[in-house]
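The values are calculated or read from the model by the stated rules, or taken from the named source; none is laboratory data. Here the structure is a predicted model, which means the values were calculated and not measured. Don't worry about glycine lacking a Cβ; one is built from the backbone with ideal geometry, like all the others, and counts go over all protein chains shown.
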Amino acid sequence: MRTLRFFPGLAFALGLIALAVLVATPAFAVGDDTGSTGSVTITKHANEAAKAFAKQDYATAKYEYRQAIGLSPTTIEFYFGLYDTCVQAKDWPEVAFALEKIFELDPSKKKLLGAQYGEALYHCKRYEEAVPVLKQALKDADLPQPKMALTVPIPSVPAETPVKAAPTTTPQTIASADTTGQAPVQVAVGTNNAVAATTPLFNKEPVAPLNINEGTLGGFSKSFENACHSECIVIAEYRGYEDNGDITFNHPPRANYHITKILKGPPLNKDMPIRYEFHDRAKCEMPSGWKFGADKMPEKGSQWIIFIQNAVPRDRMFDTFQGAYGRQPATEENLNKVYGLLEASSNR
């Protein structure tokens with residue numbers, strides 16, 4: 001019954017604020033323009049989001065903006081895009097999230113978008129938070145509204161442009177053989193005022209990663225070029241593993257991944273069980289003192305590129321290309337390589 005006491009006053013406040021900010025309500029026009037970051041992969045997601053928004057496919061637009069945000073979490077335009085998309089879809093929790101991130105990146109936007117934030121809180125039934133926000137928005141509605149410069153040039157790299165593999169020697173990208181677990185990626189944000197935003201994307205695999213140019217097994221060298229010949233390639237989120245009490249270096253656990261995007265191959269169940277091998281198949285010797293523990297597994301929620309050589313499970317688990325090598329962090333550099341190789345293959 002407590003929420004009922006807030007409802008009449010809240011509805012009245014919403015009505016007042018709607019009148020006060022009716023003329024000043026901003027339009028972001030995310031269906032027309034998207035932010036340009038200088039990154040092929042991020043631009044690809046931004047373009048797809050804008051196209052989906054224009055088609056009123058808000059679920060796809062939301063997904064693509066979320067992917068862009070994951071790769072460039074300090075680019076405020078993507079949060080504006082997510083906000084506009086989720087307002088259309090009436091996805092109020094996501095609207096509140098987008099606005100909170102906008103305020104975090106640019107506190108000056110609180111006065112301009114306070115009413116919208118209060119409305120989102122109201123629809124989320126967060127009444128106790130909504131009331132003070134709406135009251136403040138009503139006060140701010142009487143103040144001169146600042147001009148918003150949100151329109152930015154359309155990305156210079158269209159989605160259909162063939163993607164070239166990123167050079168591995170560039171110091172501003174992430175080398176897939178990096179073992180630090182916190183390697184930063186530098187993204188050029190904006191077009192007129194480039195800002196290098198150093199942001200750790202995903203934690204790397206805690207076991208010894210493999211250099212993509214080293215090692216062979218028969219005629220299959222460990223390289224992205226060969227990995228891309230796998231029958232199935234997906235981007236997936238690590239969810240956890242099954243501990244049967246008998247996990248050893250040569251008896252790996254079943255790791256549970258959730259597919260977020262299929263890059264190549266047949267449609268599969270979103271829940272993908274992987275045989276989580278701790279070595280590549282050219283180096284099967286157990287390191288001295290090796291002992292299984294939670295530190296040998298990835299961080300939950302981390303994103304990975306999974307190369308499945310044969311899209312048929314064995315003992316209810318999928319085998320990855322060259323064992324451990326078939327799991328690569330879904331970093332911007334690695335995604336650029338995969339997109340480029342797949343596109344080059346499709347154009348042959």
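Taking first residues from the range 100-127 that are closer than 21 Å to ALA89 by Cα and of a type in the set (Lys, Arg) and partners that are modelled with pLDDT of 90 or more and not in a loop (DSSP other than H, G, I, E, B), the Cβ contacts under 7 Å between residues at least 6 apart in sequence or on separate chains come to LYS101/TYR79. Residue check: ALA311 meets all listed conditions (1) surrounded by 18 or more Cβ atoms within 10 Å (Cβ to Cβ); (2) in contact with a Gly (Cβ under 6 Å, 6 or more places away or on another chain) but one, namely (1). ASP280 - would you say it is assigned by TED's automatic domain parsing to the domain that holds GLY326, surrounded by fewer than 19 Cβ atoms within 10 Å (Cβ to Cβ) and among the charged types (D, E, K, R)? So ASP280 fails the test. I'm checking my understanding of the structure. Among residues of the range 321-345 that are closer than 17 Å to THR41 by Cβ and among the hydroxyl-bearing types (Ser, Thr, Tyr), which one is surrounded by the fewest Cβ atoms within 10 Å (Cβ to Cβ)? Per the criteria, the residue is TYR339. The combined condition, being basic (Lys, Arg), under 26 Å from ASN336 (Cα atoms) and either modelled with pLDDT of 55 or more or surrounded by fewer than 19 Cβ atoms within 10 Å (Cβ to Cβ) (or both), is not fulfilled by ARG5.
Regarding the range 58-79, can at least one residue be identified that is modelled with pLDDT under 50, of a type in the set (S, T, N, Q) and in the same structural domain as GLU129 (by TED's automatic domain parsing)? No, because not a single residue in the range 58-79 is modelled with pLDDT under 50, of a type in the set (S, T, N, Q) and in the same structural domain as GLU129 (by TED's automatic domain parsing). Looking at ASN336, ASN347, just one residue is of a type in the set (S, T, N, Q) and modelled with pLDDT of 90 or more, and that residue is ASN336.
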